[in-house]
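The values are calculated or read from the model by the stated rules, or taken from the named source; none is laboratory data. Nothing here was measured: the structure is a model prediction, and the numbers come from that model. Virtual Cβ from ideal backbone geometry, glycine too; neighbours counted across all protein chains shown. In case anyone asks, the SASA skips ligands and DNA or RNA and just uses the protein heavy atoms, side chains included. Shrake-Rupley method; radii C 1.70, N 1.55, O 1.52, S 1.80 Å.
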Amino acid sequence: MIYDCFGNLEEFCENYKDLSCLTASLKVRSFGVQIDGIYCVLDINYIERICNHQLRRPGELRSFQAVLPPELWIHLAVVACGNRLEETLVMLKSAILFSHRKIQFHIFTEDSLKPEFDKQLRQWPDSYTKKFEHRIYPITFSVGNPQEWKKLFKPCAAQRLFLPVILKDVDSLLYVDTDVLFLRPVDDIWKLLRQFNATQLAAMAPEHEIPKIGWYSRFARHPFYGSAGVNSGVMLMNLTRIRSAQFKNSMIPTGLAWEDMLYPLYQKYKNAITWGDQDLLNIIFYFNPECLYVFPCQWNYRPDHCMYGSNCKEAEREGVSVLHGNRGVYHDDKQPTFKALYEAIRDFPFQDNLFQSMYYPLQLKFLETVHTLCGRIPQVFLKQIEKTMKRAYEKHVIIQVGPNQMH
């Protein structure tokens with residue numbers, strides 16, 4: 001069987017930090033590589049495009065990141081207003097610490113925060129700044145009353161609804177709230193885009209794992225997706241599909257384009273919604289369920305998943321992949337496990353050893369959280385981050401020391 005091996009090619013090149021072997025193979029019509037027991041046939045035109053994307057001097061080695069064409073970067077968007085500067089920078093730091101592929105950050109923020117974002121990101125070490133580029137955008141709403149949108153739920157949160165309209169040149173996007181932390185490579189959640197079927201154009205996690213005690217099923221006064229609703233704090237979007245789709249709705253018998261639907265939808269339901277733009281997204285996908293891919297709770301793990309007892313089975317098996325510290329838990333003492341992870345990433349010096357300066361201190365901090373239900377399941381929080389760190393460490397040893405020098 002022939003597999004699409006783009007992900008494996010990325011890992012292959014990342015491990016060996018050299019595309020010369022691939023370049024040499026361009027003389028033949030097909031190129032195979034065996035990874036994880038699967039023999040993959042790779043598209044030669046695609047490899048040639050990557051190998052030739054940047055000119056190399058003879059003998060010069062380039063990583064896969066360095067030659068990856070811009071259209072194949074990961075695109076990560078965040079909206080930050082008010083006092084969210086530090087929280088956003090910690091989120092971006094978590095993305096960069098473990099990522100393989102180059103990331104384009106799209107930061108939407110108030111004018112007063114723009115200089116500080118730019119200053120802080122440019123102060124990061126070169127070894128990390130080469131892994132990303134960033135663009136900073138003003139807060140803008142293309143339809144309706146901007147002041148109404150800006151005050152919807154949290155400051156500027158409704159901006160995410162307009163990302164398909166603003167980022168016209170971006171095909172796909174990962175949007176996250178400022179209070180999100182990546183505990184494994186962003187590449188891994190980005191790969192979920194490949195699992196979309198022909199009608200799906202966005203992906204989110206359920207708002208609750210147990211519908212009968214979830215917020216939407218008990219209190220919502222408007223339509224919502226599925227039996228428990230979805231949480232929009234981590235949202236994958238195929239923007240190209242969103243821009244071209246016609247969405248069923250409760251306002252007119254025919255479909256509406258995304259931008260044309262937003263303000264009439266808000267006007268109809270504004271007196272019934274509690275969680276602002278998340279409620280509007282739930283309404284949209286209630287009427288268009290075939291458009292949504294639902295990923296498991298490990299990709300949007302919140303205090304609700306453990307504060308009343310563990311209820312995210314995927315996280316119990318695989319570990320937390322993306323942590324979402326809503327309820328302000330990074331900044332108070334109600335959920336010290338979440339706070340400990342936030343502070344560990346915030347305080348980690350970029351160039352230090354991940355195990356010595358992050359993982360081991362984190363284990364010690366977790367010992368102080370066992371009086372909480374979340375603190376009694378440390379393995380759920382540590383499993384993915386330990387796996388990610390081990391992988392990064394092994395790569396560093398193989399690349400820096402060399403496999404022949406290891407005993």
Candidate set from region 340-371 (those that are in contact with a Ser or Thr (Cβ under 7 Å, 6 or more places away or on another chain) and open to solvent by less than 20 Å² (accessible area, probe 1.4 Å)); member that is nearest to residue 307 (Cα to Cα)
369
Just one of the numbered conditions (1) over 19 Å from residue 218 (Cα atoms); (2) surrounded by fewer than 22 Cβ atoms within 10 Å (Cβ to Cβ); (3) within 22 Å of the chain's Cα centre (by Cα) is not true of residue 255; which one?
(3)
Picking from 281, 292, 256, which residue would you name as being of a type in the set (A, V, I, L, M) and in contact with a helix residue (DSSP H, G or I) (Cβ under 6 Å, 6 or more places away or on another chain)?
292
Return the pairs, sorted by first residue and then second, in which the second residue is assigned to a strand (DSSP E or B) and polar (S, T, N, Q), the first residue lies in region 306-329 and is at negative phi, the beta carbons are less than 9 Å apart, and the residues are 6+ apart or on different chains.
324/231; 326/231
Restricting region 214-240 to residues that are more than 16 Å from residue 273 (Cα to Cα), among the small types (Gly, Ala, Ser) and open to solvent by 20 Å² or more (accessible area, probe 1.4 Å), which is nearest to the chain's Cα centre (by Cα)?
226
Does residue 204 fit the bill of being under 17 Å from residue 104 (Cα atoms) and under 14 Å from the mean Cα position of the chain (by Cα)?
no
Determine, yes or no, whether residue 273 is of a type in the set (Val, Ile, Thr), open to solvent by 20 Å² or more (accessible area, probe 1.4 Å), in a loop (DSSP other than H, G, I, E, B) and touching a helix residue (DSSP H, G or I) at 6+ places or on another chain (Cβ under 6 Å).
yes
Counted residues, region 75-121 - those being free of Cβ contacts under 8 Å to residues at least 60 places away in the same chain and open to solvent by less than 10 Å² (accessible area, probe 1.4 Å)
8
